[in-house]
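The values are calculated or read from the model by the stated rules, or taken from the named source; none is laboratory data. As the structure is a prediction and not an experimental result, all values here were calculated from the model. Here the Cβ is made from the backbone with ideal geometry for all residues, glycine too, and neighbour counts use every protein chain on show.
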Amino acid sequence: MIQLENFSIRRGVRALFQNATMQIHLGWKVGLTGVNGAGKSSLFAALLGELGADEGQLTRPQGWVVAHMAQEIEALDVPALDFVLSGDAEYWQIQNKLQNSDQFSDTELGELHARFDEIHGYVAPAKAAQLLAGLGFFEFQIRQPVQSFSGGWRMRLNLARTLMSRSDLLLLDEPTNHLDLDAILWLEDWLKSYAGTLVLISHDRDFLDAVTDHILHIENAELTLYSGNYSSFETIRSERLSQQQQAFEKQQETRAHLQKFIDRFKAKATKARQAQSRIKQLERMQNLAPAHVDTPFTFSFREPTRMSSPLLSLDDATIGYSTEKSIASKVKLQITPTTRLGLLGMNGAGKSTLIKSLVGQLPLLSGERQASELLNIGYFAQHQMDALDDQASPMLQLARIADKSISEASLRSFLGSFGFSGERMDTPCQRFSGGERARLALALIVWQRPNVLILDEPTNHLDLDMRHALTMALQDFEGAVVLVSHERQLIATVCDDLLLVHDGRVTEFDGDLKEYSQWLRQARQQMLQKQQDDISATASTTTDSTQTAKAINNPTAPSPNSKVDKEAQRKENARRREQTRPLRKKMEQLEKSIEKAQSQLTTIENQLADSAIYDAERKAELLQLMDQQTAQKAKLAQDEEQLLELMMELEELEASFEG
């Protein structure tokens with residue numbers, strides 16, 4: 001486990017957190033939260049061993065393998081698959097040695113092969129390919145060099161490389177920033193089955209809820225560990241802040257009462273003794289701080305100046321980059337001032353292509369795009385931040401598009417609602433973080449008073465407060481909205497209708513996001529099955545060709561369709577069943593255990609969904625339920641990991657029969 005004892009880290013004279021004492025146990029999945037600059041990255045550096053404590057200590061088991069997702073990746077001339085495989089350092093080391101086998105003795109080679117088999121080195125390429133597929137890479141892409149991918153896709157490669165590590169501690173900092181919804185759902189499933197300890201920084205509430213069983217929150221230079229997922233944390237923290245505020249107000253009343261007595265009677269001889277007693281009582285009283293809630297961003301979209309209906313439409317449109325690479329056809333879409341559309345679809349299905357066609361950046365291959373004369377599109381692209389002028393400040397960039405009659409005070413007030421204050425308003429953009437650049441790009445769009453907002457992943461790099469502010473502003477926006485986002489809460493809150501881009505069509509999705517998640521999993525399963533069928537078909541064709549060639553070259557050889565000795569085959573089948581029976585029995589027991597744990601976990605979560613459980617008098621019951629929830633999740637993850645290992649062992653055993 002990870003142990004913190006009176007742990008403190010400072011940045012200059014400011015304490016990020018101090019005197020933290022807690023334990024993080026093996027198998028826990030911890031969400032690390034706090035405002036920007038609170039110290040999340042510093043804690044990551046300490047967990048990695050790159051940053052020492054100013055006071056106290058942080059310890060973790062010496063033998064632990066730690067995997068950490070880097071935020072940048074070089075433009076390497078290395079195939080994507082090999083780059084991901086290098087994430088398993090021991091596999092990569094042994095593989096390189098085996099490729100230079102002439103440098104080792106037979107004994108050394110035997111030991112290398114034994115260890116390679118022990119770490120499942122022979123199935124590692126398949127595992128790496130599965131990771132890449134889950135994160136949205138097509139099969140033809142895995143042999144392409146890393147340098148051929150854009151920045152966002154390189155980040156996905158970095159994530160896959162990190163997941164490839166057989167780690168005991170996994171540190172992930174905003175892993176969903178460059179993922180779309182189907183990749184996020186896949187990552188959720190992967191992390192839920194991860195057997196090690198996970199510490200995760202994320203601004204995606206749904207993702208935190210799905211993955212974590214503890215929240216470690218940094219606030220007011222304190223580290224506080226909460227049991228449960230992010231929703232549980234919000235409920236418990238809200239209750240704690242309320243109690244803290246009540247205690248503070250009560251103490252202030254007591255202080256005022258004591259001070260009033262002291263001021264009134266300290267000069268009177270008859271009351272001097274009582275006054276001195278109250279002075280000492282006041283001095284002994286421990287100061288309580290008022291409850292502090294981070295001030296959220298607040299902004300609103302300016303009312304569109306002009307409006308018409310419809311604003312934009314596509315009629316019988318074919319979209320794509322060339323007639324040979326059309327993405328979807330027969331697209332019919334009309335956008336009116338009341339339109340609230342969420343675009344859904346698997347990675348590569350064409351959501352961004354459809355958006356570019358709506359905006360007019362990508363000409364239609366056929367069909368018609370009709371735009372109203374009053375159309376004013378506010379377009380936020382995935383790489384909108386790249387269009388900012390790095391040498392110009394927020395004030396200068398806003399002034400360029402603002403009417404000359406607008407006062408500087410009005411411009412500064414507007415930028416302040418997006419989190420820019422003081423010197424940051426006049427600082428060149430090249431010094432800004434990703435979050436600041438995203439906020440500025442959004443602010444410039446808002447200022448131009450669009451009547452149609454077309455947003456492609458607008459929440460990337462935005463923190464929880466800004467995401468909440470964006471959600472609230474979009475709800476009140478008086479124009480049309482077309483949205484692509486991996487933020488499920490944003491889609492559910494803002495969009496009235498859902499469109500599915502899939503298999504060359506754009507159709508209405510008749511369901512909610514929960515049903516879409518189920519659809520995605522089924523669609524991905526069908527794709528994997530199709531790939532396996534294609535591989536099997538290719539292997540079957542190769543086998544048939546080989547057998548035909550043997551028959552031609554050796555006419556006396558028996559036909560492949562000749563009668564098989566049924567008795568011998570029956571005995572062989574019985575022998576195989578007997579050898580695999582212990583494994584199958586263990587798998588059956590684990591499946592029953594998993595089913596039982598899932599049932600108990602559902603019961604617990606239903607109890608936690610009852611708002612009455614968070615009443616103050618039921619606090620002990622709440623804590624007990626949360627402990628039970630944590631225990632069941634840990635057991636479920638352990639059983640699923642064991643089941644996966646047994647399945648792989650069974651697969652290898654059955655493959656040996658064929659060999």
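Just a few scattered comments:
- If the condition is being of a type in the set (Lys, Arg) and either assigned to a loop (DSSP other than H, G, I, E, B) or under 15 Å from residue 445 (Cβ atoms) (or both), then region 388-425 contributes 400, 404.
- Of the residues 349, 291, the single one that is modelled with pLDDT under 90 and under 30 Å from residue 516 (Cα atoms) is 349.
- Residues in region 432-462 that are surrounded by fewer than 21 Cβ atoms within 10 Å (Cβ to Cβ), basic (Lys, Arg) and in contact with a helix residue (DSSP H, G or I) (Cβ under 9 Å, 6 or more places away or on another chain): 437 alone.
- Residues in region 446-496 that are part of a helix (DSSP H, G or I), of a type in the set (A, V, I, L, M, F, W, C) and out of contact with any Pro (no Cβ under 7 Å at 6 or more places or on another chain): 446, 447, 464, 466, 472, 473, 474, 490, 491, 492, 494.
Yes or no, residue by residue, for (1) surrounded by 21 or more Cβ atoms within 10 Å (Cβ to Cβ); (2) more than 24 Å from residue 217 (Cα to Cα); (3) among the charged types (D, E, K, R):
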position	(1), (2), (3)
162	no, yes, no
171	yes, no, no
185	yes, yes, no
195	no, no, no
199	yes, no, no
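- Region 468-492, residues that are surrounded by fewer than 18 Cβ atoms within 10 Å (Cβ to Cβ), more than 19 Å from the chain's Cα centre (by Cα) and closer than 16 Å to residue 339 by Cα: 475, 476, 478
- Test set (1) outside any helix (DSSP H, G or I); (2) among the small types (Gly, Ala, Ser); (3) at pLDDT 90 or above - residue 136 fails condition number: (3)
- Looking only at region 139-160, and only at residues there that are touching a strand residue (DSSP E or B) at 6+ places or on another chain (Cβ under 9 Å) and not in a loop (DSSP other than H, G, I, E, B), the one that is modelled with the highest pLDDT: 159
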